[in-house]
Amino acid sequence: TPTSVRARLEVGGLEETVVVSGGSEIIQTQSAAVTTTIDTNQILKLPTGSRSALEFVTSLPGVNTPGGSRDSTINGLPQSAINITIDGISAQDNHLKTSDGFFSRVSPRLDAMEEVTVSSAAQDAASTGQGAVQIRFVTRSGSNTYTGSGYYYLRHYKLDANSWFNNRSGVPKDQDVLYQPGARLGGPIIIPG
């Protein structure tokens, strides 16, 4: 026998959900600049043969170093296209810029650097006319607390192994000895009276 059932339906509540998700951009679309910025933590932890921050730049992408750091070029551009600044002030030897562009009259030390930025395309207005490649060093700024560090680096040939190329050619290892003591101190300047 057929049966009928009366069901009473009530109007349900209206529910709307908005989901907002955020994250960093995968591609930087605001400018056409090609830059690499390295901060203090990365600077102090990467190995270099000396305490010069300029030698550290040779490990960045796009830098070609066929011999020493003074022979380096960036993105295949001539050395005269490189401009080096420390806190916005040119530190480059402009006398020999055409043949020795990867050289700075003031050699910045790793402990004094806050960050290093290498820009190789679409320079901003502050860099126009200075060179196609900008190497910008920013020194550490002071604070209201005293901070510092000390170091003593020793590189001695008795602690080094011979290189693969020297072993292959039967050449003894280089007898390099390098001692580098130093310290860094920063903080407020107190003027008596």
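For the range 155-177, the set of residues classified as in a strand (DSSP E or B) and open to solvent by 60 Å² or more (accessible area, probe 1.4 Å) consists of Arg155, Val177, listed by residue number. Evaluating Thr145 against the criteria (1) of a type outside the set (A, V, I, L, M); (2) at pLDDT below 85; (3) more than 19 Å from Lys45 (Cβ to Cβ) leaves one unmet condition, (2). Taken together, Ile38, Ile89 contain a single residue that is open to solvent by less than 80 Å² (accessible area, probe 1.4 Å), modelled with pLDDT of 75 or more and either more than 27 Å from Val177 (Cα to Cα) or out of contact with any helix residue (DSSP H, G or I) (no Cβ under 8 Å at 6 or more places or on another chain) (or both), which is Ile38.
For first residues located in the range 141-166 and touching a residue at least 12 places away in the same chain (Cβ under 8 Å), partners that are open to solvent by 80 Å² or more (accessible area, probe 1.4 Å) and part of a loop (DSSP other than H, G, I, E, B) and lie 6+ apart or on another chain with Cβ distances below 6 Å form the pairs Tyr157/Gln175.
The values are calculated or read from the model by the stated rules, or taken from the named source; none is laboratory data. Since this is a predicted model, take the numbers as computed values, not measurements. Cβ sites come from the backbone with ideal geometry, for glycine too, and all protein chains shown count toward neighbours. For the accessible areas, the whole protein counts, side chains as well, though only heavy atoms, and no ligand, DNA or RNA atoms are used. Shrake-Rupley method; radii C 1.70, N 1.55, O 1.52, S 1.80 Å.
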